[in-house]
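Only one structure is covered here, and it is reproduced in the block below.
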Amino acid sequence: MARSETVTLTNMCMVVDGTRVLVQNRVDPDWSGYTFPGGHVEKGESFTDAVIREVREETGLTIQAPKLCGIKDWPEDDGSRYMVLLYRADRFTGTLASSGEGEVSWVELAELHTLPLADSMANMLRVFLEEDLSEQYYLRKPDGQWVEMLK
């Protein structure tokens, strides 16, 4: 069995301000709806620097000391893996500004479930919030159906 694989590395960050969280209403038709800001890790970039950069690019805010709280991952059809590093941050500076990725706004965490969330965001939120969970993993069964697991 091969001990290495090609991986696409991305990130997402739940920015918290008291009881509110920062959400982005994504406009991408392939994955639209409310989610948290994030994006790709550039070649040679540290994971922490990447999430700080992505949040700044998409929201105008500069987060400090983001904490890794889990991952979301799945195998791609070409044999590679897609991985999303999930972070939380509660310290930030700057002025909130939307980007081409979508409009950003603050919402009460308790009300987040009432918004039209991006696909799989409800279970991903559990990884952000529940201490006993650290991974949202998708496995494709031989019949082509996807099985989601929270670990």
For the range 7-150, averaging the sequence separation of alpha carbon pairs under 8 Å that lie six or more residues apart and dividing by its residue count, the contact order in percent is 28 percent
Computed over the range 1-75, the relative contact order (Cα-Cα under 8 Å, seq sep at least six) in percent reads 24 percent
Bounding extents of the range 1-119 in its principal axis frame from Cα atoms, largest first in Å, are 46, 29, 25
Nearest 10, in degrees from 0 to 90: the angle of helix 47-59 to the longest Cα principal axis of the chain is 50 degrees
So, over other residues within a Cβ distance under 14 Å of GLU58, counting Lys, Arg +1 and Asp, Glu -1, the net charge is -2
From fewest to most C-beta neighbours within 10 Å, the residues GLU101, GLU111 line up as GLU111, GLU101
For SER46 and ALA122, extending 7 Å from Cα along the Cα-Cβ vector and measuring point to point gives, in nm, a value of 3.8 nm
SER4 and ASP28 label points (each 7 Å along its Cα→Cβ direction) are spaced in nm at 2.7 nm
Going fewest to most other Cβ atoms within 10 Å around each Cβ, THR35, THR93 line up as THR93, THR35
For the range 68-151, the Cα gyration tensor yields equivalent-ellipsoid semi-axes (√(5λ), largest first, whole Å) of 27, 16, 14
Excluding residues fewer than 8 positions from LYS67 in its own chain, the lysines with Cα under 23 Å of it are LYS43, LYS151
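All of the numbers you see were taken from the coordinates with simple rules; none came from a lab. Every value quoted in this text rests on a predicted model; they were computed, and no experiment measured them. Note: ideal-geometry Cβ built from the backbone for every residue, glycine included; neighbour counts use all protein chains shown.
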